[in-house]
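**Student:** Can you read through this structure? Questions will come right after.
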Amino acid sequence: MQRRHFLHTLGALGAAGALSGTGAPAWAAGPTKGGAEVDDSALAGTSGGTLSAWRGATPAFSLQSLDGKTHALSEYRGRVVILNFWATWCGPCREEIPAMGAVVRQYRQRGLDLLAVNYKEPLATVKPFVDKLPIDGTVLLDTDGAVYKRFGSLGLPATYLVDRAGNARFWRMGELDWSDVGLHGHIEALIAQKGGATA
């Protein structure tokens, strides 16, 4: 079966929450403007293959989980982290949850964790969804979209691989093929960096 590769661009979603006036990282052509259509060059290299190298600083953040506890990205130093931004209304997000969970389980004992950051939805929406479709990681609530905005992505899902030192190293905007050998190679390489060294 042919795999679909697509994403929800927030500028086209209106009521779902448009990302406007956002500064973008070094790889992007520029910010979105009032939910207007984004320059195609901002998406270059993100709609095919697996992951691209992340360039720029990694935003620090703390968010609440579904049980009300606060979790900071810095707490995961010494572990490799899949940082995945998602929403319940995002079809590709829903579709990749089982396969993403399988990858997390495969590498957890070797140092991999998942932070699944929900984009701008209340606990009352997210909790019943996760009860029905469990996410094999820590679900965090970015209720105002501020953390997502700081990462400068343009659509959902958006996934980042964070090394043991807490630095984002690779990213993808759009659904990932979680069985891809390139993706697994990136994870293996980051896990092998026991000291948390960065390039």
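The values are calculated or read from the model by the stated rules, or taken from the named source; none is laboratory data. Owing to the predicted nature of the structure, the values given are computational and were not obtained by experimental measurement. Every residue, glycine as well, gets a Cβ built from its backbone with ideal geometry; the counts of neighbours run over all protein chains shown. Only protein heavy atoms, including side chains, enter the accessible area calculation; ligands, DNA and RNA are left aside. Shrake-Rupley method; radii C 1.70, N 1.55, O 1.52, S 1.80 Å.
**Student:** Which residues, taken from the stretch 136-164, are open to solvent by 20 Å² or more (accessible area, probe 1.4 Å), β-branched (Val, Ile, Thr) and under 17 Å from Arg108 (Cα atoms)?
**Tutor:** Answer for the stretch 136-164, where residues must be open to solvent by 20 Å² or more (accessible area, probe 1.4 Å), β-branched (Val, Ile, Thr) and under 17 Å from Arg108 (Cα atoms): just Thr138.
**Student:** Of all residues in the stretch 70-87, how many are open to solvent by 20 Å² or more (accessible area, probe 1.4 Å) and not in a helix (DSSP H, G or I)?
**Tutor:** Residues meeting the conditions: 5.
**Student:** Now a separate question. Among the residues of the stretch 98-125 satisfying the criterion of being part of a helix (DSSP H, G or I) and touching a strand residue (DSSP E or B) at 6+ places or on another chain (Cβ under 7 Å), which is nearest to Lys194 (Cα to Cα)?
**Tutor:** For the stretch 98-125, the residue satisfying everything is Val104.
**Student:** In the stretch 94-135, how many are of a type outside the set (Ser, Thr, Tyr), in contact with an Asp or Glu (Cβ under 8 Å, 6 or more places away or on another chain) and open to solvent by less than 10 Å² (accessible area, probe 1.4 Å)?
**Tutor:** Of the residues in that region, 7 qualify.
**Student:** Looking only at the stretch 82-113, which residues are touching a helix residue (DSSP H, G or I) at 6+ places or on another chain (Cβ under 7 Å) and either within 19 Å of Trp171 (Cα to Cα) or free of Cβ contacts under 8 Å to residues at least 24 places away in the same chain (or both)?
**Tutor:** Ile82, Asn84, Phe85, Trp86, Ala87, Tyr107, Gly111, Leu112, Asp113
**Student:** A follow-up question, please. Hey, can you tell me all the residues within the stretch 140-159 that are among the acidic types (Asp, Glu) and part of a strand (DSSP E or B)?
**Tutor:** Let us first name the residues in the stretch 140-159 that are among the acidic types (Asp, Glu), namely 142, 144.
Residue satisfying the conditions is Asp142 alone.
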